[in-house]
1. When the residues of the range 234-278 are filtered to those that are over 29 Å from the mean Cα position of the chain (by Cα) and among the hydroxyl-bearing types (Ser, Thr, Tyr), which remaining residue is surrounded by the most Cβ atoms within 10 Å (Cβ to Cβ)?
2. Of all residues in the range 578-618, which are more than 30 Å from residue 408 (Cβ to Cβ) and either of a type in the set (Ser, Thr, Tyr) or assigned to a strand (DSSP E or B) (or both)?
3. I'd like to verify a number: residues in the range 461-512 that are of a type in the set (Asp, Glu), out of contact with any helix residue (DSSP H, G or I) (no Cβ under 6 Å at 6 or more places or on another chain) and not in a loop (DSSP other than H, G, I, E, B), how many?
4. Quick check on residue 281: is it more than 26 Å from the chain's Cα centre (by Cα) and farther than 28 Å from residue 189 by Cβ?
5. In the range 288-316, how many residues are assigned to a helix (DSSP H, G or I), surrounded by fewer than 15 Cβ atoms within 10 Å (Cβ to Cβ) and among the aliphatic types (A, V, I, L, M)?
6. Taking the criterion of being assigned to a helix (DSSP H, G or I) and either of a type in the set (S, T, N, Q) or at pLDDT below 95 (or both), would at least one residue in the range 230-238 satisfy it?
7. Are any residues in the range 115-135 exposed (fewer than 12 other Cβ atoms within 10 Å of the Cβ) and closer than 13 Å to residue 102 by Cα, and if so, which ones?
8. With the condition being within 30 Å of residue 57 (Cα to Cα) and among the charged types (D, E, K, R), I'd like the strands (runs of 3 or more DSSP E) fully within the range 109-176 carrying at least 1 qualifying residues.
Amino acid sequence: MSGELETLAQLYDVETAYVDAWGEVREARPDVLRAVLSALGAAVTDPVSAAREERLRRHIQVVEPVCAVPFPGTQAIEIGLPRSVHPRDCWLVLETEDGETRRTRLMAAIQRPLGSARVEGRPIDRYEVHLSPPVDLLPPGYHELRVEGPGIEATAMVVVAPRCPVPARGWGVFLPVHAMRTRTDWGVGSYPALGEAARWVHRLGGELVGTLPLYPAYYEEPLEISPYLPVTRLGWNELYVDPTELPELEASAEARALLASSALTDALAAVRRNALVDYPASMALVRRVLDTLARVLFSAPSARRRELESFARARPDLVAYARFRAGGRAEPRGSSSRDVAVPDDECARSHLYAQWVAEQQLAAAGGNLLLDLPIGVHPSGFDPSFEPMAFAVGVEGGAPPDRFFTKGQRWSFRPLHPRGAREQRYRHVVAVLRHAMRHASVLRLDHVMGLYRLYWVPVGADATDGAYVRYRDDELRAIVSLEAQRSGTAIVGEDLGTVPVEVRLGMSDDRMLRTWVLQFEVSADAPLPDPPELSLASIGTHDLPRFVTYWEAPVHTSWRQALGGDARRGLRASLDHLACGPARLVLVDVEDLWLERVPHNRPGTGPEAGNWRHRSARTIEEVFEDEEVAETLERVDVLRREEDG
């Protein structure tokens with residue numbers, strides 16, 4: 001690797017090497033670095049000139065476009081001034097989020113000089129500047145900072161962030177919505193079924209129902225059923241809407257006739273019998289009714305139509321999304337005034353209606369939900385078209401080789417562009433978080449290491465040929481913490497696998513719960529280890545074998561002998577231990593309670609494995625009526641409430 005390329009990589013926060021899962025140093029190949037740097041906007045054909053320009057850009061920048069400071073704590077930032085400008089001639093102007101203006105002499109705010117430097121003949125003096133006195137701290141929020149002076153007009157967004165809220169000691173169950181069966185389902189679960197499950201858990205003393213991501217997916221070409229590769233992270237999956245509970249049904253004779261027709265009832269009976277979700281078939285049935293109901297809503301003025309129009313004005317992103325789903329393309333955000341109007345196109349109107357009723361039915365499911373936020377979206381999805389500056393082109397997110405995936409992983413999604421998103425003041429990140437937290441009492445962040453760095457793989461390359469790109473974790477973590485505090489949402493970071501120490505230290509500082517999985521921690525010497533206090537503890541995850549499969553594996557003989565007994569007794573012992581333990585939250589996979597063997601996902605396999613299609617062996621009505629299931633969960637509840645475990 002040339003020194004010029006390495007220098008350019010460092011300036012663009014691209015790591016030229018990393019330590020792998022075996023403790024070996026792996027250097028990125030020069031062609032990989034060039035591809036990654038090109039995706040970041042660097043002129044790789046002339047790395048010397050590109051490095052010179054980037055070094056000068058950083059040098060003359062008065063203030064960073066985004067600054068993160070704590071609340072409470074020292075609220076200080078760094079400011080650089082040309083040597084020709086004296087601090088006494090400059091002002092700091094802060095416009096707080098609530099409309100207050102604070103105007104201060106820069107000279108009075110300087111705490112100490114940070115040194116001087118000259119690049120390309122341009123001397124710059126740098127200072128540590130306190131934004132507010134200790135007795136009058138900036139409140140949590142997004143504030144506007146201006147630095148004014150002779151020939152200077154620089155601005156920044158100041159993010160003042162508290163720490164994440166910590167949940168009370170509690171428990172919940174895990175059951176993906178797609179897997180939920182009811183006696184009247186559409187071959188897949190629904191938001192009303194999720195609400196029934198949440199109320200059932202609440203009656204047993206629990207606080208949560210955890211599920212997989214609930215975002216829209218492609219159920220026709222390009223078919224992609226993975227919940228971790230959605231079309232958008234700004235809407236909800238209309239597949240989980242129960243059309244029979246919508247008010248428009250009463251006004252639509254056509255929809256009622258459709259529901260009563262033998263063709264539809266036969267099709268529903270067929271998808272209900274399936275052991276696996278047939279996403280295209282179920283989606284076609286749901287959409288057929290939703291399209292009919294949308295037509296009746298838009299056929300005449302009504303209070304419901306006015307409510308939908310109000311929803312459209314509040315969510316122009318979903319208006320644009322509806323047009324995208326109708327036409328297959330999206331104009332970038334803010335490029336057209338059309339985004340704020342209800343579409344004229346019937347197909348787009350139907351998609352907007354579907355988003356509206358999905359929002360309503362998910363809201364009705366209640367607030368005691370543990371929702372899951374995937375790290376990326378489909379490369380052909382809505383978000384990269386709507387916010388093109390926020391996503392990198394020519395690369396995809398992934399992971400380097402480890403003990404589970406010796407060839408590494410490619411996850412298909414386009415990574416967040418660290419500079420593009422930052423220059424937009426993370427507006428897309430904020431929008432995604434606010435949408436997710438609107439209905440979550442706990443939010444799981446998939447691959448939480450992505451707040452710090454992400455492994456980028458050039459499109460077309462093997463997953464072994466990638467490089468890590470660093471993000472401004474202080475800013476991303478501040479935004480997560482601020483949005484969590486505002487919504488009252490506890491945050492769980494998915495930190496499984498090989499994770500740098502800095503990530504777990506940051507999670508602790510932010511009061512973000514870790515993900516602790518018994519299957520990863522047990523041994524013959526420690527058959528029931530204790531999870532940390534700030535964690536969400538569970539026996540397994542959706543990517544791991546079921547408890548009974550893990551229990552019976554020959555490699556776990558010594559662990560099985562240490563616990564003794566059969567699988568049911570081992571399961572009870574494991575749940576008792578987690579319930580008594582220090583973890584703030586415990587999540588019970590409800591299907592483990594009847595020793596289900598079929599997993600939701602087998603990582604590294606394709607569609608032939610039935611991934612993301614498993615349907616529960618029991619309806620939720622049968623689960624609610626099962627005395628043994630209720631007894632087990634009531635025992636978990638009692639043990640969770642023991643003060644000393």
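1. Among those that are over 29 Å from the mean Cα position of the chain (by Cα) and among the hydroxyl-bearing types (Ser, Thr, Tyr), it is 252.
2. Across the range 578-618, the qualifying residues are 585, 586, 588, 616.
3. Step one: filter the range 461-512 for residues of a type in the set (Asp, Glu), giving 462, 465, 473-475, 483, 494-495, 502, 509-510.
Filter once more, keeping what is out of contact with any helix residue (DSSP H, G or I) (no Cβ under 6 Å at 6 or more places or on another chain): 462, 474-475, 502, 509.
Cutting the leftovers down to not in a loop (DSSP other than H, G, I, E, B) gives us 474-475, 502, 509.
The qualifying residues number 4.
4. Details: more than 26 Å from the chain's Cα centre (by Cα): yes; farther than 28 Å from residue 189 by Cβ: no.
No, not satisfied.
5. Counting residues in the range 288-316 that are assigned to a helix (DSSP H, G or I), surrounded by fewer than 15 Cβ atoms within 10 Å (Cβ to Cβ) and among the aliphatic types (A, V, I, L, M) gives 2.
6. No, the range 230-238 has no match at all.
7. Once the filter is applied, which keeps residues that are exposed (fewer than 12 other Cβ atoms within 10 Å of the Cβ) and closer than 13 Å to residue 102 by Cα, the range 115-135 yields only 133.
8. Filter on the range 109-176 gives 110-119, 122-130, 141-149, 152-161.
The values are calculated or read from the model by the stated rules, or taken from the named source; none is laboratory data. The structure presented is a predicted model; accordingly, all values stated were derived computationally and were not measured. When we count neighbours, we look across all protein chains shown, and the Cβ atoms used for this are built from the backbone with ideal geometry, even at glycine.
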